[in-house]
Each structure stands twice: as C-alpha cells, then as structure tokens.
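Working notes, structure below.
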Amino acid sequence: MKIREIQMLLDAELLCGEDNLDGEVFSACCSDMMSDVLAYVKDQGVLLTGLVNAQTIRTASMMDMVCVVFVRDKAPDEEMIRLARECGIVLMRSKMRAYEAAGQLYLAGLRGNAGGSHG
C-alpha cells in the first residue's frame with residue numbers, strides 16, 4: 001500500500017515527508033511501547049502510536065520503518081519533525097484513536113507484521 005493511501009484512509013495531516021508519499025508499506029503495527037516494536041516488527045512498515053517523543057522516531061528509524069502516524073491528534077514537536085526528516089520518515093497525525101486507525105488499515109488490506117507471527 002502506498003503511504004499516500006494511508007494518509008487518505010486515516011484522514012491524516014502530513015507533517016513531513018511529502019517526497020516519500022509514493023513509498024510502499026507492507027505491514028503495520030500499533031503500539032505505544034517501543035520495546036514491542038523492537039521485538040516484533042520484521043518488515044518495513046508504518047507505526048501507529050500515541051507516544052510522542054524522540055525515541056519513537058529513533059525506534060522507527062532503527063527498524064527501517066518508513067512512516068509514523070500519531071493517533072489521537074497527538075502532535076510531535078519541531079525537534080521530532082526535524083529528526084524524522086533526517087531519517088527519511090514520513091510523519092502524519094490523525095484524529096482517529098489507535099484502534100480505529102488500525103482497523104481502517106486492516107480493512108483496506110494492510111496486515112500486521114508480514115514477516116513474523118506477532119502483530
């Protein structure tokens with residue numbers, strides 16, 4: 001699924017990464033616990049989270065994730081946006097709750113962790 005499709009499905013505001021909206025996403029995960037992301041994400045994907053701190057961006061970068069969507073209308077600060085730009089990560093924010101956002105992506109065909117048994 002293209003990142004631009006995720007933006008439309010989640011009615012998300014684009015915060016950075018406009019040049020990467022045609023990038024492909026193959027899986028998704030939803031967590032506020034970065035330790036779970038580190039343990040279970042096996043494929044390039046999108047992270048849905050309400051955790052707004054620099055560790056979120058660092059974890060996404062370490063796991064080669066291409067997009068982070070902040071749910072519940074959470075807003076990252078300018079430092080986080082700068083870090084995401086440096087890492088080439090698309091950042092968005094959606095008013096949807098995590099459960100609703102994950103459900104929308106699932107219904108559209110994007111499944112959880114394609115590379116493993118958790119998700």
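The values are calculated or read from the model by the stated rules, or taken from the named source; none is laboratory data. Please read these numbers as outputs of a predicted model, since none were measured by experiment. Every residue, glycine as well, gets a Cβ built from its backbone with ideal geometry; the counts of neighbours run over all protein chains shown. To get the accessible areas, we keep the full protein, side chains included, count just its heavy atoms, and leave off ligands, DNA and RNA. Shrake-Rupley method; radii C 1.70, N 1.55, O 1.52, S 1.80 Å.
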- Specify the residue with the greatest mean-square fluctuation among Ser94, Ser27, Ser35, computed from a Gaussian network of the chain linking alpha-carbon atoms under 10 Å apart. Ser35
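Using a simple charge model, +1 on the beta-carbon of Lys and Arg, -1 on the beta-carbon of Asp and Glu, nothing else, what dipole does the chain show about its Cα centre, in debye to the nearest 20? Present the calculation step by step, with values, prior to reporting the outcome.
Numbers: 12 positive and 17 negative charges, 56 e Å.
Computed charge dipole of the chain: roughly 280 debye.
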- Leaving out ligands and nucleic acids, note down the accessible area per residue over the chain with a 1.4 angstrom probe, in whole Å². 52 Å²
- Would you kindly state how much longer the chain becomes between Gln55 and Arg97 on full extension, computed as 0.36 nm times their sequence separation minus their alpha carbon distance, in nm to one decimal? 13.1 nm
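Given +1 on the Cβ of Lys and Arg, -1 on the Cβ of Asp and Glu, and no further charges, what dipole in debye does the stretch 33-83 carry about its Cα centre, rounded to the nearest 20? Write down the numbers at each step before the final one.
Values: 5 positive and 7 negative charges, 15 e Å.
About 60 debye.
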- Along the positive direction of the dipole of the chain (beta-carbon charges: Lys, Arg +1; Asp, Glu -1; about the Cα centre), which of Tyr99, Phe26, Leu15 reaches farthest? Tyr99
- Item | Helix-derived mean residue ellipticity, 222 nm - over the chain, DSSP H n ≥ 4, -39500 (n - 2.57), to 500 | -10000 deg cm²/dmol
- Message: What would the Debye equation give as log₁₀ I(q)/I(0) for the stretch 50-119 at q = 0.13, 0.19, 0.21, 0.24 Å⁻¹, counting only Cα atoms as equal point scatterers?
- Response: -0.39, -0.82, -0.97, -1.15
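State the antiparallel share, in %, of DSSP beta bridges confined to the chain, rounding to the nearest 5.
Numbers: 4 of 17 bridges.
Percentage antiparallel, nearest 5: 25.
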- Task: Would you work out what percent of the accessible area of the chain, with all protein chains in place, is carbon or sulfur (probe 1.4 Å)?
- Result: 49 percent
- Task: Treating the Cα atoms of the chain as identical point scatterers in vacuum, please give the log10 of the normalised Debye intensity I(q)/I(0) at q = 0.16, 0.20, 0.22 Å⁻¹, two decimals.
- Result: -0.62, -1.03, -1.30
